[in-house]
Structures are given as structure tokens and as C-alpha cells.
């Protein structure tokens, strides 16, 4: 669900999901040009600093959406190294992501409204608001 939310936040032409966990050398979401250049690399979770360094070499724009219950620890441990990179990092509140995950059903119709640093997700089973905090913006 966080991948879907990150996709909606960054919606634009050519934005696409990758193969996900099957392809460790690819981001979760990306924008590729017609000549196969990566112009936007989006990772969801708490990727290693080395992975983000590689992403910054391959793409002019890199975004990370962190959401785990240990996200604060991940950020504190990597902050100094991330500050050396041209990367934007955003953090979702874990409790809000859990509320978002509670909306999951086998088949779903979602409506997502994005305003500023917040998204309201409406589903047949209910709705929730998910906001994010920019930890680093490049």
C-alpha cells in the first residue's frame, strides 16, 4: 500500500512500478525515458545507504519513503551519510500506514486525494489520512 501511495504522490507520465522484490537492482517505482535512462528513482522502506548512493549515480532524482516502526532509528543512523547525497527522504507515520493497510481487500476501488503533505485514502471499507514529513529535500 505504501508503494501505491508513493506512486500517487509522484504521479506523472512514464511513472511505473518495477518488478519489486524480484529485481534487487531496481527501485520500487521509477520514471524511464524512451532511451532507457532513469530520471526518477523511488524506494519505499528503509534502504541501505549504499543502495541510495547507487541510485544517486543512476538517476538525477531520488526519493525515499520510509514508513517502518524502526524508521526513526534508520534515519538517525544514516542521516549524516544521506546528507552528503542528492536525495529526498520522506517519512510516513507507522500508525497511519497500519490504518492504510487495514483498508486492504482482495479487490479494491481506491480514491486518493493529495493536499500538501497529506493524502486521504477512501475505500469501500472506510478511509484514512496519511501525512508525511520531509526529512531531507534535495
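The values are calculated or read from the model by the stated rules, or taken from the named source; none is laboratory data. Predicted, not measured: the structure shown is a model, and the values here were computed from it. As a convention, Cβ positions derive from the backbone with ideal geometry for all residues, glycine included, and neighbour counts pool all protein chains shown.
Points to keep in mind about this one:
- The set of residues in region 76-104 that are surrounded by 16 or more Cβ atoms within 10 Å (Cβ to Cβ) and either touching a helix residue (DSSP H, G or I) at 6+ places or on another chain (Cβ under 8 Å) or without any contact (Cβ under 8 Å) to a residue 12 or more places away in the chain (or both) comprises 78, 82, 85, 87, 89, 91, 92, 97, 100.
- Some residue of region 112-124 being modelled with pLDDT under 95, farther than 24 Å from residue 15 by Cα and surrounded by fewer than 17 Cβ atoms within 10 Å (Cβ to Cβ): yes
- Criterion violated by residue 24 - all others in (1) modelled with pLDDT of 95 or more; (2) over 25 Å from residue 124 (Cα atoms) satisfied: (1)
- Condition met for residue 55 (part of a helix (DSSP H, G or I) and within 16 Å of the chain's Cα centre (by Cα)): yes
- The residues on offer are 62, 49, and the sole one that is in contact (Cβ under 8 Å) with a residue 24 or more places away in the chain, in contact with a strand residue (DSSP E or B) (Cβ under 8 Å, 6 or more places away or on another chain) and closer than 19 Å to residue 137 by Cα is 62.
Yes or no, residue by residue, for (1) closer than 23 Å to residue 128 by Cα; (2) part of a loop (DSSP other than H, G, I, E, B):
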position: 76; (1), (2): no, no
position: 81; (1), (2): no, no
position: 85; (1), (2): no, yes
position: 99; (1), (2): yes, no
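- Criterion violated by residue 69 - all others in (1) modelled with pLDDT under 95; (2) touching a helix residue (DSSP H, G or I) at 6+ places or on another chain (Cβ under 7 Å); (3) surrounded by 14 or more Cβ atoms within 10 Å (Cβ to Cβ) satisfied: (3)
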